[in-house]
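All of the numbers you see were taken from the coordinates with simple rules; none came from a lab. Predicted, not measured: the structure shown is a model, and the values here were computed from it. Positions of Cβ are backbone-derived with ideal geometry, glycine not excepted, and every protein chain shown enters the neighbour counts.
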Amino acid sequence: MSINYDETFNKVLDHLNSIVKTETVMGEPFKLGEFSCVPVIRVGLGFGSGGTIGKGKGDEKHAKGMGGGAGAGVGITPIGFLVSRGDEISFITSDKKKGLDAIFEKVPDLVDKLIDMKKRKED
């Protein structure tokens, strides 16, 4: 039996190609009023394959054989939207650690620092 690694590899890549698309994660580009929006994703991909042929001595203990396998993993993360209106184009992140969300997350820390500064000044 012969294993065609090129064929196996190409089948896996074809399948991954059908999965790893922006449309898979968030849908097609869309219009929102006068805005045109295009989803943007980050994709990570890993692939591995291997095979071997064993040449034994001919008895059950040391039989001849062959084997192979392949595996792949994909990580897809939405990172934001490319938004256009007229001649203006901007990027809106979906990461909550950026933009206004990041500022609001830091408010409790800022309040604590202000209280500490006020106490030091009073002392």
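Take every Cα pair under 8 Å in the range 5-94 that's 6+ residues apart, average their separations, divide by the length, and report that relative contact order as a whole percent. Write down the numbers at each step before the final one.
Numbers: 133 pairs, mean separation 25.0, N = 90.
Taking the mean separation of contacting Cα pairs over the length of the range 5-94, I get 28 percent.
Hey, can you grab everything whose amide H is under 5 Å from the amide H of V20? Only 5+ residues off in sequence or another chain; H modelled, so Pro and N-termini drop out.
Long-range HN contacts for V20: none found.
Spin-label point model (7 Å from Cα, Cβ direction): what's the D116 to L16 distance in nm?
4.7
Can you give the local net charge around F35? Use residues other than it whose beta-carbon is closer than 11 angstrom to its beta-carbon, Lys and Arg +1, Asp and Glu -1.
0
Work out, step by step, the length gained on full extension between F30 and D95: first 0.36 nm times the residue separation, then minus their alpha carbon distance; give nm to one decimal.
Between F30 and D95, full extension yields an extra 21.4 nm.
State, in angstrom, two size descriptors of the range 5-94 derived from its alpha carbons: Rg to one decimal place and Dmax to the nearest whole number.
So, for the range 5-94, Rg and Dmax equal 22.6, 76 Å respectively.
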